[in-house]
Amino acid sequence: MRSSSVQPFDPLDYWHWLRIRVRCGLAMQDPRIFRQLENEGQRLAYYGQLRSGQATEKIFQTLLDTLEDQALPWHWRNTCLEQAYQLLARLEQQVQQPVQWQRLKRLSQKLDRAELKPSIHHPDDLA
């Protein structure tokens, strides 16, 4: 008889799953997803599984990719745009070194260059 083994919980895999949920619009009904994603990224950085800046930049890139994705509904894309601006505002409060200012400026420029084209409407949406 084969015994079932419980797989250990991997916080990094969970964080990636949260990013996928945001990126694919799988959490549109759960506004807590953004805070959860950021908290998990901070936790991973605290325990050394990610650099602090790496977690933040990956979250930011996920938000940026999502807000530019025309296949997703406009309201979700707009929510991701708001979250990206809020993330930059929180980062600005934490900046203490010139290198951090440069990183913040680079992220801000990426957001400024984001293309927000209208979402694609599917025929089923009109019914």
Among (1) surrounded by 14 or more Cβ atoms within 10 Å (Cβ to Cβ); (2) modelled with pLDDT of 95 or more; (3) of a type in the set (A, V, I, L, M, F, W, C) - the single one Ile20 does not satisfy: (1)
Filter result (assigned to a helix (DSSP H, G or I) and modelled with pLDDT of 90 or more) within the stretch 114-127: none
From Leu26, Leu67, residue being in contact with a Leu (Cβ under 9 Å, 6 or more places away or on another chain) and not hydroxyl-bearing (Ser, Thr, Tyr): Leu67
Failed criterion for Arg35 (all others in (1) closer than 24 Å to Asp13 by Cα; (2) surrounded by fewer than 13 Cβ atoms within 10 Å (Cβ to Cβ); (3) modelled with pLDDT under 95 hold): (3)
Hits in the stretch 70-89 - residues which are within 24 Å of Gly53 (Cα to Cα), of a type outside the set (S, T, N, Q) and surrounded by 11 or more Cβ atoms within 10 Å (Cβ to Cβ): Arg77, Cys80, Leu81, Glu82, Ala84, Tyr85, Leu87, Leu88
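The values are calculated or read from the model by the stated rules, or taken from the named source; none is laboratory data. Please read all numbers here as calculations on a predicted model, not as lab measurements. Backbone-built Cβ (ideal geometry, glycine too); neighbour counts: all protein chains shown.
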